[in-house]
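Chemist: The structure's right below; bear with me while I get my questions together.
What follows draws every value from the coordinates through simple rules; no lab data is involved. Nothing here was measured: the structure is a model prediction, and the numbers come from that model. Heads up, the Cβs are rebuilt from the backbone with ideal geometry, glycines too, and the neighbour counts pull from every protein chain shown.
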Amino acid sequence: MDEPRVEEMSLGAILDESDAREVRRRERPGPSRAYRLRQLLHPEPIFWALFSAGGFVAALLVPVHVAILGIAFAAGWLPDDALSYERVLHLVQLPLVKLYLWALVALPLYHWAHRFRFAIYHQFGIVRWKRFVAVGCYGTAIAGTAISAWVLLTI
Amino acid sequence: MFVAAFSGLLLLFLFALSRGREAYEGFLRWLKLPGVVALFAVILVAVVYHTATWFRLTAHIQRIRVGRTVLPEGATIAGLVVAWIVASGIVAYFHIWF
């Protein structure tokens, strides 16, 4: 059977036909309230974000700090007063430097926590005590964050 | 692992600084012990390796598009390396000469 050509149809007929062809979306029940609440309280994405931020800090900023503090200082490549008490104290007392150091200490800890947690599963093959491992890893990072904040505030 | 070790060492450094001149200077003497320097050397190698893998991973995940063309991964890595050198330079300036 030949369908009528579009040019020969009236606008009303075209709209009617288009309505008749439309596949209606099936109504699906949304996730339950309890499920959504669990999702909200689930901290996984936060730890992923901190892992990523920590990875970037570790990649971009940590090498130069290790080189200066650990190698160049001991080798005597730095000027004499570079790490003198007065100079470093003055520098660390600046609020922006404190904020920077807080991020420099804390963010890589979250990177370690996330990485180490999954290394325990996948690389060491320890699949039991999941919750304990997670709490231990992230707990260490959170404790490090709190301790570094406290130390920086007392300087 | 090694990144977290550095976080711990930096925390000790700041803790020593917060305890006054004597504690701080004691920490600096500790930094000069051969074993400690060796530990830092191991950390440095591990961290630079981390930087290399991280940049490669970032370039792989984050495709940068300019108009219609997608930059090759090499260009993204080059950009990251430049950013790394600039950031290191800024840190070194503040750490040593500021």
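Chemist: Once R0 is set to 41 Å, what does the formula 1/(1 + (r/R0)^6) return for the Cβ-Cβ distance between A:Q123 and A:R26, expressed as a FRET efficiency to the nearest 0.05?
Modeler: About 0.40, to the nearest 0.05.
Chemist: For A:A53 and A:L153 in the same chain, what is the full-extension length gain: residue separation times 0.36 nm, less their Cα-Cα distance, in nm?
Modeler: Going from the current span to full extension adds 33.7 nm.
Chemist: Still on this structure, I have one more. For the pair B:V48 and B:A87, how long in nm is the line joining their label points, each one 7 Å along Cα→Cβ?
Modeler: Label at B:V48, label at B:A87, 1.7 nm between them.
Chemist: Take the alpha-carbon centre of the stretch B:23-76, take the same for the stretch A:84-129, and report the distance between them in whole Å.
Modeler: First find each Cα centre; the distance between them is then 14 Å.
Chemist: Moving to a separate point now. For the stretch A:44-154, compute Rg over Rh where Rg is the Cα radius of gyration and Rh is the Kirkwood radius from the inverse mean 1/r over Cα pairs. All intermediate terms of the calculation are to be shown ahead of the outcome.
Modeler: On the way: Rg = 16.9 Å, Rh = 15.8 Å.
Result: Rg/Rh = 1.07.
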